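Working notes for the structure below.
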Amino acid sequence: MCLFEMGFEEKAIKLQVKEEKACETKRICLHAFTDLTYVAPIVFLYLLKECYVHGNLKATKRFRALQLQVHQVLCNSPQPGPATFVAYCLYILPIFGSYCEGFSHLIVSAFHRFLKTAATTGDSLEAKIIAVRLFLDIVEGSIDHDERIAVKILEVFDIKLTDIEKVASQSKAKNDRRFHSVKAFLEQYIFGFIESESYMTAVNLLEHFSIRQSGESFLVKMIEKKQFRAAEKWATFMGKPMLSMLIREYVGRNKLKSAYLIVKKNNLQQEFPDVHHKYKESALKKLAEKACWDVAEAKANGDRQLVEYLVYLAMEAGYLEKVDELCNRYCLEGFPKAQEHEANFLQHCFLNLNELGVEDIIWVDELNGLGKATCHIEGSKVVGLDCEWKPNYVKGSKPNKVSIMQIASDKKVFILDLIKLYNDVPDVLDNCLTHILRSPRILKLGYNFQCDVKQLAQSYGDLECFKCFNMLLDIQNMFKDPRGGLSGLAEKILGASLNKTRRNSNWEQRPLSQNQLEYAALDAAVLIQIFYRVCDHSHTADALDEHNKIEWKSYIVSHMDNLRKSRKESRLRKEPELEVKDNEA
């Protein structure tokens, strides 16, 4: 990218300078960027600053453009040579104040890029001596450069301990006692970074000068301070014993992925044969905690040991239906037949429909059933709403259609097969749900209902019923910090949580299993019980954000439009506008 593409004219930069009442136009010639033969480093840096300050690109693009420009002009006869020219630039840069650090990185990175293409600079010896003196001045504090620049100077000019000793010997000849022991001098400098917890800088310097210590306490200190990149770099430099110690520390701290990657990168599988399986098991456990059982099974990839571990996770979670499914699919023996024990397990650990007073779960997938469900629901004062859809694990792909919609009254839960009803009787479905969702006489309870509303609109955008809602109460909004989702809230208010193991199951399979039906019904029915408990005030203060009473009526949304917008309008609109009124249920 040329300079004039950054907002400058090709031949000159025009600067407007006000001097008293007159306006004077000044020009800065850009020939310095085509020929450095007679250009001093200070002039070059000044021009660089003006190009950066007055460029009209964003800062990152300006930096990259100038980095490329500096790389190119280093080929244009800088005197006495490109390496020496850069060294002098780095010496001068501190006088540029706030631009020093950024320009130092720019010039060093451009020079490093130049060295990759240049056969030889011809002035490397002289430049190295200047760079050594600059480094020592930085260490002593007489030149103000960032510590990272000091490390980069060592790297780009390839300064070794012997190079510093040569310069130090010249100082000794002048009775300068600062460098009596160069190694001790450097170790003291590095120790300062360790004390200030600048571990990566310390590690870079120790590695560059090949200074080895016992390192165990140093390694542990870096891990305790969560400086993992520095710890791994140090252990790699120190060799196999230190790497082994790092792996053991990671395993002990349950950083199994990091431990596995180090084992793999350094071919330590024989020394640590169990790390791979422990890491895989850890990954399976995280997926199981998110109820992503299908993904977890795919990750197991048929490995018997991993599949067996997944079975134990399913048993631990109470997903005993999945236990039988895995045992049958992979011909696993020695596991108990699970379904016969499931009812007792769930009864002791999670809320069940009997405790919530639900007498019946009714599956609705045809015209008559839809009519009966609508009549029953229209006679209710309060209903709970929820939706389920098949998860899509492909990143960036379109979400699947909402599969079912649960509508719970005090005693019954109706589960509407939206996919089938939409295909068979779309007009009747639209009319029935419009009566329910827009009724000002029915209080409709949800949890994070905005998410369901969005999915419904995306799935069935041509239906009118999902474009407008009346009398909504999102239970989530009544609590400042509802941790743990609906399950966590149920545990706080009702004393037991919800079993979420089937959250990400296949909701498009037909028929749904009994366990899926019960799971779906619970999510809608529990909203009613939480609502009644809040209204009755029969709860603990700490469960409801330290208030003995929640004014739940003020959280009712009396009207909400969910009209489909164009893409442009959707980007401009942050949230749907909500009109909130204090209404009676």
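Some observations on this one:
- Which listed residue, of 500, 444, is among the charged types (D, E, K, R), within 21 Å of residue 522 (Cα to Cα), in the same structural domain as residue 377 (by the TED database) and open to solvent by less than 20 Å² (accessible area, probe 1.4 Å): 444
- Candidates 240, 225, 221, filtered to the one that is open to solvent by 70 Å² or more (accessible area, probe 1.4 Å) and within 25 Å of residue 185 (Cα to Cα): 221
- Selection count, the stretch 388-424, where residues are surrounded by fewer than 17 Cβ atoms within 10 Å (Cβ to Cβ) and more than 24 Å from residue 450 (Cβ to Cβ): 4
This table checks each residue for (1) of a type outside the set (A, V, I, L, M, F, W, C); (2) at pLDDT 90 or above.
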residue: 76; (1), (2): yes, no
residue: 83; (1), (2): no, yes
residue: 92; (1), (2): no, yes
residue: 117; (1), (2): yes, no
residue: 133; (1), (2): yes, yes
residue: 152; (1), (2): yes, yes
residue: 160; (1), (2): yes, yes
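- Exactly one residue among 346, 306 is at pLDDT below 85, part of a helix (DSSP H, G or I) and either touching a strand residue (DSSP E or B) at 6+ places or on another chain (Cβ under 8 Å) or not assigned by the TED database to the domain that holds residue 433 (or both), and that residue is 346.
- Output for the stretch 125-145, where each listed residue is open to solvent by 70 Å² or more (accessible area, probe 1.4 Å) and not acidic (Asp, Glu): 125, 133, 142
- Taken over the stretch 193-247, the criterion of being under 20 Å from residue 152 (Cβ atoms) and assigned to a loop (DSSP other than H, G, I, E, B) is satisfied by 196, 198, 209, 210, 211, 227.
- Residue that is nearest to the chain's Cα centre (by Cα), among those in the stretch 425-441 that are open to solvent by 50 Å² or more (accessible area, probe 1.4 Å) and closer than 14 Å to residue 468 by Cα: 438
- Contact annotation: residue pairs with Cβ atoms under 7 Å, 6 or more positions apart or on different chains, pairing a residue in the stretch 440-460 that is in a helix (DSSP H, G or I) with a partner that is modelled with pLDDT under 90 and basic (Lys, Arg), are 457/564.
- Within the stretch 317-330, the set of residues being at pLDDT 85 or above and either open to solvent by less than 100 Å² (accessible area, probe 1.4 Å) or polar (S, T, N, Q) (or both) comprises 326, 327, 328, 330.
- Under the condition of being farther than 15 Å from residue 96 by Cα and touching a strand residue (DSSP E or B) at 6+ places or on another chain (Cβ under 9 Å), the residues counted in the stretch 35-55 number 1.
- Residue within the stretch 108-115 that is touching a Phe, Trp or Tyr at 6+ places or on another chain (Cβ under 7 Å), surrounded by fewer than 19 Cβ atoms within 10 Å (Cβ to Cβ) and assigned to a helix (DSSP H, G or I) present: no
- Consider the stretch 24-51 and keep the residues that are more than 20 Å from residue 79 (Cα to Cα) and modelled with pLDDT of 85 or more. The one that is least open to solvent (accessible area, probe 1.4 Å) is 50.
- Residues of the stretch 358-384 satisfying the condition of being in a loop (DSSP other than H, G, I, E, B), out of contact with any strand residue (DSSP E or B) (no Cβ under 7 Å at 6 or more places or on another chain) and open to solvent by 80 Å² or more (accessible area, probe 1.4 Å): 366
- Of all residues in the stretch 483-509, those being more than 25 Å from the chain's Cα centre (by Cα), without any contact (Cβ under 8 Å) to a residue 60 or more places away in the chain and not in a loop (DSSP other than H, G, I, E, B) number 4.
- Test result for residue 150, surrounded by 15 or more Cβ atoms within 10 Å (Cβ to Cβ) and in the same structural domain as residue 85 (by the TED database): yes
- Of note, residue 286 does not satisfy the criterion of being among the basic types (Lys, Arg), farther than 22 Å from residue 333 by Cα and open to solvent by less than 70 Å² (accessible area, probe 1.4 Å).
The values are calculated or read from the model by the stated rules, or taken from the named source; none is laboratory data. All figures in this text were calculated on a predicted structure; none of them were measured in a lab. Glycine also receives a Cβ, built like all others from the backbone with ideal geometry; neighbour counts cover every protein chain displayed. Quick note on the areas: whole protein, heavy atoms, side chains included, nothing else; ligands and nucleic acids left out. Shrake-Rupley method; radii C 1.70, N 1.55, O 1.52, S 1.80 Å.
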